Amino acid sequence: MPSETPQAEEGLAGCPHLSEAHLGKGGQKKSLLGDKEAKEHLWIRPDAPSRCTWQLGRSVADSPHHHEAQTKSPKILPDILKKIGDTPMVRINKIGKKFGLKCELLAKCEFFNAGGSVKDRISLRMVEDAERAGTLKPGDTIIEPTSGNTGIGLALAAAVKGYRCPVQVDVLRALGAEIVRTPTNARFDSPESHVGVAWRLKNEIPNSHILDQYRNASNPLAHYDTTAEEILQQCDGKLDMLVASAGTGGTITGIARKLKEKCPGCRIIGVDPEGSILAEPEELNQTELTAYEVEGIGYDFIPTVLDRTVVDKWFKSNDEEAFAFARMLISQEGLLCGGSAGSAVSVAVKAAQELQEGQRCVVILPDSVRNYM
């Protein structure tokens, strides 16, 4: 599929993520649809090497990005978007004991966000950063290669702010999103994939924008500025391990970078499903599996925003354990979370075996089972 040199719009958060060396071979070609009479349709790879300038120990004052400070919620919210963030930290009481953990096991319940998932944070942040940059204007169209939680978050923001939002089905449709279906077995660089179709739509629809969660610095920044700060406040700065699954990688990247700065002794554990290639070392990814049922985590490419250098250790998860732990969280802890939360907790009870009494492990529960019903 043809790729293009990044345009000004693509630097929505002011960070030049794209490396020209990673552009598709052959430069600009014909339409993704193969229409020789059509004008050239271009795309930008979601797995381009990052050129983010973040470094441990570097002052936030040197950051090229806008950073948001936490504010106290008013008693009456002006709109539902103000119910994104400030999610509860809940103690896991039974599962940790069942698996012999000595440490305290805590869950950051991201399904309490307005749209039901951790992706509400990045959706709102990407939209507001694009508005701040003057890229997104009233009446414009937001396009995103997603069929899941980011789609819900963007549709929610679009409904409140008045944008059109075709996403790539019941919750999305209820929010006014237009659904464009794509085959799940298509490679990310195929014209038929959710990425390929999204870029085709962008080239066909006037005043449309792909906010691009795979490349947009607003993705990890949302978690660096808010999620991580909430965790530190809720734990009084005392945590010894954080466990998070990875999809685009924005959640684990943003949280881990802040924790490395504020709580350097905290171990960062990444969770990647069998069949995905995000984990390191590469030997962990060797498997005969090519597909998995857990949604929202894992990819067949390395997203630009994922910073694997901040992850201390990766674990692989599998569908059987993921869904078993999700059911366990629902039935034993009363937490109505989805499969990716089960993946994270299945790894947490293994990784946290090294922690002692008085220590603390925090696990991110990304979404609610309701989004899959």
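List of remarks:
- Per this entry, Leu278 is counted among residues that are within 22 Å of Cys52 (Cβ to Cβ) and surrounded by 17 or more Cβ atoms within 10 Å (Cβ to Cβ).
- Residue in segment 130-148 that is surrounded by the fewest Cβ atoms within 10 Å (Cβ to Cβ), counting only those that are not in a loop (DSSP other than H, G, I, E, B) and not hydroxyl-bearing (Ser, Thr, Tyr): Arg132
- Where Gly296 falls short, out of the listed (1) outside any loop (DSSP other than H, G, I, E, B); (2) among the small types (Gly, Ala, Ser); (3) touching a helix residue (DSSP H, G or I) at 6+ places or on another chain (Cβ under 7 Å): (1)
- One residue alone among Gly139, Gly162, Gly153, Gly96 is modelled with pLDDT of 75 or more and either within 17 Å of Asp367 (Cβ to Cβ) or of a type in the set (S, T, N, Q) (or both), and that residue is Gly153.
- Checking each residue in segment 329-351 for being of a type in the set (A, V, I, L, M), closer than 22 Å to Gly298 by Cα and in a helix (DSSP H, G or I) picks out Leu329, Ala341, Ala344, Val345, Val347, Ala348, Val349, Ala351.
- Selection within segment 284-308: residues that are among the hydroxyl-bearing types (Ser, Thr, Tyr) and crowded, with 18+ Cβ neighbours inside 10 Å. The member of this set that is farthest from Asn149 (Cα to Cα) is Thr304.
- Options Lys238, Lys260; residue that is assigned to a loop (DSSP other than H, G, I, E, B), of a type in the set (Lys, Arg) and either farther than 18 Å from Val118 by Cα or within 13 Å of the chain's Cα centre (by Cα) (or both): Lys238
- Residue in segment 49-61 that is in a loop (DSSP other than H, G, I, E, B), of a type in the set (Val, Ile, Thr) and modelled with pLDDT under 95 present: yes
- Search result, residues across segment 201-228 that are under 17 Å from the mean Cα position of the chain (by Cα) and either of a type in the set (Ser, Thr, Tyr) or farther than 22 Å from Thr304 by Cα (or both): Tyr214, Ser218, Tyr224, Thr226, Thr227
- When Gly254 is tested against (1) out of contact with any Phe, Trp or Tyr (no Cβ under 8 Å at 6 or more places or on another chain); (2) in the same structural domain as Lys313 (by the TED database), exactly one condition is not met: (1).
The values are calculated or read from the model by the stated rules, or taken from the named source; none is laboratory data. Please read these numbers as outputs of a predicted model, since none were measured by experiment. Please note: Cβ atoms are built from the backbone with ideal geometry, for glycine as well, and neighbour counts cover all protein chains shown.
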